[in-house]
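The values are calculated or read from the model by the stated rules, or taken from the named source; none is laboratory data. Remember, predicted model here, so these are calculated numbers, not experimental data. Cβ: placed from backbone, ideal geometry, glycine included. Neighbour counts: every protein chain shown.
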Ligand code: BGC
């Protein structure tokens, strides 16, 4: 086994060299030749097959974990093992079958996608999921998980939104931190990505993002900052795009001044796969590891040191930082992975997590939950071919996925047989006519919907107790979503919803719509036709079972939206500037909406959304009372206490949100911003819980560009406690007597162009 090659036997052979296990990192670095240093900072290549060569290099991904995304080079003479890396975030992405031999399989759990994980709003549960996921990373012999995706959801058309957490940096940061803590509790590394402002797939490799210092600090960097400070991920992946004229892996301002000097990051920065152009600039910026790596890149670094354009001292620092994370890896510790994580146990956790976090958007007259012995007319291709996750590097190869149709059957529902057979034949035929690739990137075909005549719908309404329509949308890396047929429903989808609704309602029967999508979709034009709407996003391998758990009421849903559902796409503040110009292959994108992203825009400018940020219903009701602030004057920190009571008839959990309205005498500010959230325990009917959230000085502060500082303005602040960003239940004020300069930071990322930022006042 390769692991033992790097272990004791190799060490003895090379024991006249300082060993990573015995010597200091600086001794090891000092003993390395320039060529060896270049081997460490440049990965082993996209299709590396090297096992050991005369230099003692180990660079074989395929030999150890097939389907892993990349590896570094090992240098056994110094006791330096190779690191193996693989993708996420909705699980571990490796090949399930090796060398066509299916007697032993390597399936991974398909967990819910990022945006659904965030919808838990329960950092304890997220950490638990992270822990189980990280166990698979470790037990399959991977050192570094290339996840979570922590880019802010700036525009709902970004093809990778399903991998990300939220339009709000506080949610992204807290959720990301919990996920990283869970993963890293196994002793493997997490990689928060893509740092930073990688908010679209259109020309993601080259697009230049023009963004103000304030929007960058308050929104795009903030989530990363929170996760880094709270969870200490071992790795950060720089992004492909440029920010204000510089490729992020080549930005000293980003990777050294902000990430390391201001935030205290002590890990390793790795490029996105093939990211950046100038290898030497990357070393200087503090992008330690170039992935996946190529000989030409090593040569560029060696030449630069030889011709004096790269100081050896800088290269030494890059190498040292990589060695610092290597010594924390399972490979370094000679961990004997089992290749058999407890997938059954993880499947149970996945099911519970999904069921809890599904968002109930509508439930007129409490038609849900429904009895499991009912007959269901199940419409929509995604009911039978459910999208469990997105495509691209975020795809996970699980042993199975439970479709919605299967999930319903598993719980005793009787699905209309005729409809089922029509759909299954239709989907099968589409897959024969348009074979789907095994691994997908970019645009992916979705089976077009099947049209049913009024006669067929009438028959279904006679034969069944209610109807379900699943609206399906897949998305993935490399391609943004279109407005038409992506965000908007197509004519056939709209027509079917209307007809099915009218025919079933005429018979006193109800219609439930399930949204199985990686992106926000249009709902306002058709939602009146539905009695209930469920949003499970893309829910992983247990999709169908978890959705059925919610339909039957065996789980009371308690997820809430971490993004806004607008009425129309044009209502989104970035819609005039997405994906940039020229539209087909944008070279430039300018964030003219500034700090007004998501609910910060909708609430401040009074634009009515279809469903607001933070929204989500329950099968029970909650009453909020006794809002208390620890003081009416702010001094360093302030405790906020509130009591929540379950006043309904079934047990449930509530997500309580704290929105702060700050004085805006000196600069423009959103009407309120989320600064705290907490989920209750499962409250029985009549039961209550008192919850506490803490406000710290940094949460009062805004970024004042002319001063390059985070400043909390003196004045009155209002604490709003709500069940969503619009549904504010209780408010109370406190005062900050004197302005606080919370932190002075570097003057960096000055935009290269004039940005006409949106202003409210
Ligand atoms: C993606 C990353 C991924 C990497 C390796 C890139 O194209 O942007 O998210 O980790 O590939 O697969």
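Observations
- Residues that are touching a strand residue (DSSP E or B) at 6+ places or on another chain (Cβ under 7 Å) and outside any loop (DSSP other than H, G, I, E, B), drawn from region 278-300: 279, 282, 289, 290, 297, 298
- Within region 493-508, one or more residues are modelled with pLDDT of 95 or more, part of a loop (DSSP other than H, G, I, E, B) and either surrounded by fewer than 24 Cβ atoms within 10 Å (Cβ to Cβ) or not assigned by TED's automatic domain parsing to the domain that holds residue 199 (or both).
- Of the residues making up region 106-134, those that are surrounded by fewer than 24 Cβ atoms within 10 Å (Cβ to Cβ) and under 23 Å from residue 444 (Cα atoms) number 1.
- Note on region 135-157: among residues that are buried (at least 24 other Cβ atoms within 10 Å of the Cβ) and part of a helix (DSSP H, G or I), the one that is nearest to the ligand (Cβ to nearest atom) is 137.
- Set 348, 333: member being at pLDDT 95 or above, part of a loop (DSSP other than H, G, I, E, B) and not assigned by TED's automatic domain parsing to the domain that holds residue 548: 333
- Filtering 378, 360 for residues that are outside the structural domain of residue 74 (by TED's automatic domain parsing) and surrounded by fewer than 22 Cβ atoms within 10 Å (Cβ to Cβ) leaves a single hit, 360.
- Residue satisfying all of: in region 235-250; away from the ligand (no atom under 15 Å from the Cβ) and in contact (Cβ under 8 Å) with a residue 60 or more places away in the chain; surrounded by the fewest Cβ atoms within 10 Å (Cβ to Cβ) among these: 245
- Residues of region 203-215 classified as within 16 Å of the ligand (Cβ to nearest atom) and out of contact with any strand residue (DSSP E or B) (no Cβ under 7 Å at 6 or more places or on another chain), total: 4
- Residue check, residue 218 closer than 27 Å to residue 758 by Cβ, away from the ligand (no atom under 16 Å from the Cβ) and in a helix (DSSP H, G or I): yes
- Selected residue (criterion: surrounded by the fewest Cβ atoms within 10 Å (Cβ to Cβ)) from residues of region 564-588 that are assigned to a helix (DSSP H, G or I) and free of Cβ contacts under 8 Å to residues at least 60 places away in the same chain: 570
- Odd one out for residue 326 among (1) touching a strand residue (DSSP E or B) at 6+ places or on another chain (Cβ under 9 Å); (2) over 29 Å from residue 129 (Cβ atoms): (2)
- Of all residues in region 407-441, those satisfying the criterion of being part of a loop (DSSP other than H, G, I, E, B), in contact (Cβ under 8 Å) with a residue 12 or more places away in the chain and exposed (fewer than 14 other Cβ atoms within 10 Å of the Cβ) are 412, 439.
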